[in-house]
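One structure is given below, encoded as structure tokens.
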Amino acid sequence: MISHIYDKTDLEAFVEDIVVEAALIAPVVEVLIAGNDSEHMRGNVYLVFQNDEDADKVLANFNRRWYAGKPVYALLSPVHDLRTAVCRQAEISKCDRGGQCNYVHPLNINKSLLNSLWASQQVTWS
């Protein structure tokens with residue numbers, strides 16, 4: 001679990017670290033980080049890649065890595081469209097399921113940072 005990412009500066013540094021590391025292996029299409037109150041979801045990172053082979057390569061790399069002094073445990077998800085994993089109530093207002101909600105309550109990632117990361121990937125992967 002990554003608890004320090006709730007600070008805006010730490011969140012941005014974390015997103016940059018993760019996306020840059022993954023993009024060394026394959027282009028990242030989308031990133032989502034769960035801000036849920038529930039312990040089993042809080043801090044989970046979801047990355048989308050262009051294809052399953054890219055996801056497999058990044059998974060193998062991440063499972064050999066450590067972050068903030070802790071081993072990274074990466075898994076593959078059958079979800080290809082992260083919009084289906086996001087809590088609609090949390091997007092619109094406030095989720096009434098609170099810590100019991102098993103849909104992702106995404107943290108707000110700085111759009112400028114994401115645009116910069118996507119632009120960097122364009123240079124690397126074009």
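The values are calculated or read from the model by the stated rules, or taken from the named source; none is laboratory data. Note that the coordinates shown come from a computational prediction; the quantities given were computed from them, not determined experimentally. Positions of Cβ are backbone-derived with ideal geometry, glycine not excepted, and every protein chain shown enters the neighbour counts.
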Residue among Ala68, Ala85 that is of a type in the set (A, V, I, L, M, F, W, C) and within 28 Å of Gln122 (Cβ to Cβ): Ala85
Boolean, Gln50 is more than 17 Å from the chain's Cα centre (by Cα), more than 20 Å from Phe14 (Cβ to Cβ) and surrounded by 10 or more Cβ atoms within 10 Å (Cβ to Cβ): no
What is the residue count in the stretch 80-101 for residues that are modelled with pLDDT of 90 or more and within 16 Å of the chain's Cα centre (by Cα)? 7
Of the conditions (1) touching a residue at least 24 places away in the same chain (Cβ under 8 Å); (2) assigned to a helix (DSSP H, G or I); (3) under 23 Å from Ser116 (Cβ atoms), Phe14 fails just one. Which one is it? (1)
Quick one: how many residues across the stretch 86-112 are surrounded by 16 or more Cβ atoms within 10 Å (Cβ to Cβ) and in a helix (DSSP H, G or I)? 1
